[in-house]
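The values are calculated or read from the model by the stated rules, or taken from the named source; none is laboratory data. Keep in mind that this is a model prediction, so the values were computed, not measured. All Cβ positions, glycine included, derive from the backbone under ideal geometry; neighbour counts span all protein chains shown. Remember, those area values only see protein heavy atoms, side chains included, never the ligands or the DNA or RNA. Shrake-Rupley method; radii C 1.70, N 1.55, O 1.52, S 1.80 Å.
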Amino acid sequence: MNVTINLQSRLYPDPIATLRLLKPITWFPPMWAYLCGVVSSGVSPAGQWGLVVLGVVLAGPIVCGMSQAANDWCDRHVDAINEPDRPIPSGRIPGRWGLWIALAMSVLSLAVGYMLGPWGFAATCVGVVSAWAYSAEPIRLKKSGWWGPGLVGLCYEGLPWFTGAAVLSAGAPGWPIIIIAALYAIGAHGIMTLNDFKALEGDRQTGVNSLPVTLGPRRAAQVACWVMALPQVAVIALLFLWDKPLHSASVVCVLTLQLLAMTVLFKDPKAKAPWYNGTGVALYVSGMMIAAFALRGII
């Protein structure tokens with residue numbers, strides 16, 4: 001297979017293309033998860049708003065942006081097939097600028113993470129290492145339809161949640177917080193699987209064994225939905241057991257709406273996956289914040 005990447009005569013990156021490389025639309029999930037951690041800690045942010053804002057910026061524009069730049073650099077040959085208008089294959093970010101941007105933002109991530117104290121710095125180190133392990137050879141966990149989405153789900157939802165709670169409380173979060181954050185991180189595996197639908201053809205040609213490639217669109221969509229739904233059922237049960245019936249019932253409501261959206265997804269998984277990522281995921285993260293408020297009163 002020969003893939004030609006369009007290398008124009010440009011010497012420096014196009015500023016708009018650079019912003020697109022960092023994919024601002026992807027920043028929301030980790031920023032939201034960090035805020036869920038802040039809320040769930042039960043610690044008042046009064047006097048600590050700097051840590052809240054710094055953590056949100058670190059989780060979204062810096063670490064997530066870095067991971068997107070690293071992924072686009074490592075995926076430049078795949079993107080030349082799937083989306084040749086992307087910044088790197090189109091030549092709007094020429095030469096090795098994509099790599100340099102990703103490396104510079106990795107250093108920036110660690111520097112800002114250090115400002116959040118030992119818990120924040122440790123979590124940042126995990127996030128940076130995971131981003132490169134997901135995208136770069138020889139590890140490139142993205143090749144696996146199981147390990148890749150699992151790692152991204154952990155770093156998008158679980159790790160920022162844990163970090164927000166740890167930074168505000170200046171210590172390890174309690175087990176209820178860790179359990180709920182982990183459940184939502186597991187469920188995010190399904191979200192990442194649906195996100196892989198857009199790269200189906202390029203993944204197939206370049207040996208990326210995403211679930212849409214290995215299972216086919218319909219079965220992959222079914223697996224993704226089960227993976228998203230079952231952890232939420234566990235969250236519902238735990239909140240009820242922890243004497244939070246109203247919060248539990250609220251998560252039941254958002255899960256029910258997701259199940260209705262899933263019926264639409266199943267009619268044409270490949271075409272409807274982007275729609276579900278905008279509709280069902282909004283409901284999913286709404287349940288996260290409901291659970292975060294429930295955790296405030298749990299010791």
Taking the range 70-125, which residues are charged (D, E, K, R) and not in a loop (DSSP other than H, G, I, E, B)? Asp72, Arg76, Asp79
Being modelled with pLDDT under 95 and buried (at least 22 other Cβ atoms within 10 Å of the Cβ): is that true of Gly91 here? no
Flag for Ala33 being touching an Asp or Glu at 6+ places or on another chain (Cβ under 9 Å) and at pLDDT 95 or above: yes
With respect to Ala229, is the statement that it is open to solvent by less than 20 Å² (accessible area, probe 1.4 Å) and either closer than 30 Å to Phe293 by Cα or outside any helix (DSSP H, G or I) (or both) true? yes
Quick check: is even one residue across the range 211-226 in a helix (DSSP H, G or I), of a type in the set (Gly, Ala, Ser), without any contact (Cβ under 8 Å) to a residue 24 or more places away in the chain and over 25 Å from Cys74 (Cβ atoms)? no
In the range 100-138, the residues that are among the hydrophobic types (A, V, I, L, M, F, W, C), over 19 Å from Ala185 (Cα atoms) and surrounded by fewer than 14 Cβ atoms within 10 Å (Cβ to Cβ): Ala104, Val107, Ala111
Considering residues that are open to solvent by less than 40 Å² (accessible area, probe 1.4 Å), in a helix (DSSP H, G or I) and either acidic (Asp, Glu) or in contact with a Lys or Arg (Cβ under 9 Å, 6 or more places away or on another chain) (or both), the number found within the range 197-210 is 3
Does Leu239 satisfy being free of Cβ contacts under 8 Å to residues at least 60 places away in the same chain, aliphatic (A, V, I, L, M), open to solvent by 70 Å² or more (accessible area, probe 1.4 Å) and closer than 24 Å to Met31 by Cα? no
Six or more apart or on different chains, Cβ under 6 Å: which pairs go from a residue in the range 192-206 that's without any contact (Cβ under 8 Å) to a residue 12 or more places away in the chain to one that's of a type outside the set (D, E, K, R) and crowded, with 19+ Cβ neighbours inside 10 Å? Could you list them? Arg204/Val213
